[in-house]
Amino acid sequence: MKPIGISTTLLADFACQLVQEWLPTFVDAEMSDIAHQERFADLRDHLATCTACAADHADLLETMLWRENLPWSNRPFVDHPCSLGRNIV
């Protein structure tokens, strides 16, 4: 029986797709100081070798850190007076 040939490019694309799906969870774990070293070892290895995924990781981490540092307001949300009485979707 002839082995199935899977191209290296196809495997790399699949790995990138998986990394993209797991990046938010990975960044949450990084930011929460959850022990993520073992859990995400394969993902970390991929980020070390794939510049595209590493850039996406850096962008997401920067965005999450920026969002975490936004000032928080305890004021309740109030509709803008211009939208009152209108059925705006």
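The values are calculated or read from the model by the stated rules, or taken from the named source; none is laboratory data. What you see is a predicted model; the values in this text were computed from it and never measured. Don't worry about glycine lacking a Cβ; one is built from the backbone with ideal geometry, like all the others, and counts go over all protein chains shown.
For the stretch 31-49, the set of residues classified as modelled with pLDDT of 85 or more, out of contact with any helix residue (DSSP H, G or I) (no Cβ under 7 Å at 6 or more places or on another chain) and either exposed (fewer than 12 other Cβ atoms within 10 Å of the Cβ) or not basic (Lys, Arg) (or both) consists of 41, 42, 45, 48, 49, listed by residue number. The number of residues in the stretch 50-89 that are more than 24 Å from residue 12 (Cβ to Cβ) and either outside any helix (DSSP H, G or I) or modelled with pLDDT of 75 or more (or both) comes to 25.
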